[in-house]
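Engineer: Attaching a single structure in structure tokens format; questions to follow.
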């Protein structure tokens, strides 16, 4: 992951990476492709019989037959990358039977790696060394620092939440909760497996949760890679936020009719 991040960082500092727009109107650069090719060569040999799912590789149904699957976002936050904002990350997870068992979210610009292994805890490693991550289970939404789209955070202001720092890359936004820089994070529907799988495990191993607006835990390596709206927070706060979001969405729908 460190080497993959360094590949992207060289393009970022040079500022001359070729870029184009994909069919879904999202940007991609030659840095995304270079990192994707590097990780596709390096990761699968580490786990015999493992499959591959990446944002920058054409998806194929053969992955569905694999118990273990690498889920990769070569550069999460490509918009930040092309706008020269140092908030993009490289995100990699190893999933087993639909649940992440290892994950790393690497921010090369900050020399910071969030990492976790199932049952082994979560850590943040920087130039200063490694520290264990632990999110205390708290309750109540008053004063909660929460990052997410304004369309989701705005209606929660009545519950006493406060707007936290916006992070372009969803994986980066989620791990800020594990690292204690945010109390909670929200994501609108349509996030992909590669946006969340690594951060999901890091959150859980730090003592937090990642759940859908419906309260369910995300499952991976399905036919669709898309997910519904998501909440990252300490367990009791995650449950309270799910209830508050449901109420806010219901109120919005009622107003629209």
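We did not get these values from a lab; they are worked out from the coordinates using the rules stated. Bear in mind the structure is a predicted one, so any value in this text is a computation, not a measurement. Quick reminder, even Gly has a Cβ in these numbers, built from the backbone with ideal geometry, and neighbours come from all protein chains shown.
Engineer: Taking neighbour Cβ counts within 10 Å as the exposure measure, how do 147, 128, 50, 91 sort from fewest upward?
Structural biologist: Ranked by crowding around the Cβ, least crowded first: 128, 50, 147, 91.
Engineer: Could you put 32, 25 in order, starting from the residue whose Cβ has the fewest other Cβ atoms within 10 Å?
Structural biologist: Final ranking by Cβ density, sparse to dense: 25, 32.
Engineer: Between residue 118 and residue 134, what length in nm is gained on full extension when 0.36 nm per residue of separation is reduced by their alpha carbon distance?
Structural biologist: Here the segment from residue 118 to residue 134 would lengthen by 4.3 nm.
Engineer: Here is a follow-up. Take the alpha carbon gyration tensor of the range 1-156, find the square roots of its eigenvalues, order them as a ≥ b ≥ c, and report rounded if a/c is under 1.5; if not, report prolate when a/b exceeds b/c, else oblate. Don't skip to the end; give the middle numbers.
Structural biologist: Working: a/c = 1.41, a/b = 1.13, b/c = 1.25.
Judged from the Cα gyration tensor, the range 1-156 comes out rounded (a/c under 1.5).
Engineer: Spin-label point model (7 Å from Cα, Cβ direction): what's the residue 14 to residue 111 distance in nm?
Structural biologist: 2.3
Engineer: What angle do you read, to the nearest 10 degrees and between 0 and 90, between the alpha-carbon axis of helix 2-14 and the longest principal axis of the chain?
Structural biologist: 90
Engineer: Within the range 147-174, which residues have the backbone N less than 12 Å from the label spot 7 Å out from residue 239 along Cα→beta-carbon, could you tell me?
Structural biologist: No residue passes the distance filter.
Engineer: Then there's this: In terms of the ratio Rg/(2.2 N^0.38 Å) built on C-alpha atoms, what value belongs to the range 187-257?
Structural biologist: Dividing the Cα radius of gyration by 2.2 N^0.38 Å gives 1.17.
Engineer: Once both labels are modelled 7 Å past Cα along the beta-carbon direction, what's the residue 251-residue 38 spacing in nm?
Structural biologist: Using points 7 Å along Cα→Cβ, the separation is 4.7 nm.
Engineer: Right, another one. Looking at the calculated P(r) for the range 59-99, what percent of the C-alpha pair distances fall above 11 Å? Don't skip to the answer; put the middle values down first.
Structural biologist: Working: 559 of 820 pairs.
For the range 59-99, the fraction of Cα-Cα distances above 11 Å is 68 percent.
Engineer: Another one. Based only on other Cβ atoms within 10 Å, what is the fewest-to-most ordering of 167, 192, 200?
Structural biologist: 192, 167, 200
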